[in-house]
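Encoded as structure tokens, the structure appears first; notes follow it.
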Amino acid sequence: MVSPHVISSVRRLRVKFMWQGIYRKWNPVPLLEDKFLYVEAVHDDWEGFRIWFSAKNKNAGIVTIVKFDPALMYVNSDESYRLSDVQYIEDTKTAHTFWKVEDSQLLKEFHRQSVEVYTFLEIEHYAFLSGNDCIDVLSAFEPTFDTLVEKSDELLEEKLP
């Protein structure tokens, strides 16, 4: 029997880690569409906020670096903590990493916490759903992508069934 404490903890995780909204497929790097990617690193320093992705096949090397300048807010969680379903607009049968989120609960929470100081900005919720991490980023500017596909033949073979 599961204790009430465990059930309560799971409910808290659900609220904390799953940001509700309508997820729309986003394809900023056509070569990476429907590829299974992993987060290799997340950096937030003087160079800005960056996410480093690699292919499923580790021998393929770093695939792309996503840079936000600036990121107003970001949340990084292990994919195993994403306990509720995501509402997708597009029917996606394969892995897809890059998403934009409409009617975002994260954006609403950001405005609440910042006492609506930034409502004049057109802030977008970007979601990166990978094989090991789920990263949500709020920014008023689209990120830039530095694509570093070192062994593209291996990458192109790596699709989920």
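The values are calculated or read from the model by the stated rules, or taken from the named source; none is laboratory data. For clarity, every value in this text was computed on a predicted model and none was experimentally measured. Cβ placement follows ideal geometry from the backbone for every residue including glycine, while neighbour counts extend to all protein chains displayed. Calculation scope for accessible area: heavy atoms of the full protein, side chains included, ligands and nucleic acids excluded. Shrake-Rupley method; radii C 1.70, N 1.55, O 1.52, S 1.80 Å.
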Could you go through the stretch 36-57 and let me know if any residue there is modelled with pLDDT under 85, assigned to a strand (DSSP E or B) and more than 24 Å from SER104 (Cβ to Cβ). yes
Out of (1) open to solvent by less than 40 Å² (accessible area, probe 1.4 Å); (2) at pLDDT 90 or above, what's the single condition that is false for SER9? (2)
